[in-house]
Amino acid sequence: MNNLEKYNATFIEVFGVTVEQLSDLTFQSISQWDSIGHMQLIASLEAAFEIMMDTDDLMDFNSYDRGKEIMNKYDIKI
């Protein structure tokens with residue numbers, strides 16, 4: 001599984017969405033992505049990619065697309 005597939009699978013598992021919905025996802029755009037869902041997403045991404053995100057990145061991770069940029073900071077190319 002490549003990084004994009006792993007990234008997508010994490011969103012799909014945590015939020016129960018389809019691949020087609022991913023590109024439009026933003027924080028609170030769906031009921032599942034509330035503050036609790038956000039922490040579940042971050043924890044799942046950290047586990048999947050074996051990283052630990054900085055607090056600033058946790059706060060700035062507000063969309064599917066922005067998340068890709070943040071992951072790049074941890075040398076994870078998506």
A careful count of residues in region 39-78 that are part of a helix (DSSP H, G or I), touching a Leu at 6+ places or on another chain (Cβ under 7 Å) and of a type outside the set (S, T, Y) gives 1
Screening I30, I36, I12, I42 for residues that are within 10 Å of the chain's Cα centre (by Cα), more than 20 Å from K73 (Cβ to Cβ) and modelled with pLDDT of 95 or more leaves only I12
Quick one: in region 22-65, of everything that is under 15 Å from N8 (Cβ atoms) and of a type outside the set (A, V, I, L, M, F, W, C), which residue is surrounded by the most Cβ atoms within 10 Å (Cβ to Cβ)? Y64
With respect to Q32, is the statement that it is touching a Gly at 6+ places or on another chain (Cβ under 7 Å) and farther than 17 Å from N2 by Cα true? yes
Go through (1) at pLDDT 95 or above; (2) closer than 14 Å to I76 by Cα one by one and return the number of the condition M1 breaks. (1)
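The values are calculated or read from the model by the stated rules, or taken from the named source; none is laboratory data. Just so we're clear, the structure is a prediction, and the values are computed from it rather than from any experiment. All Cβ positions, glycine included, derive from the backbone under ideal geometry; neighbour counts span all protein chains shown.
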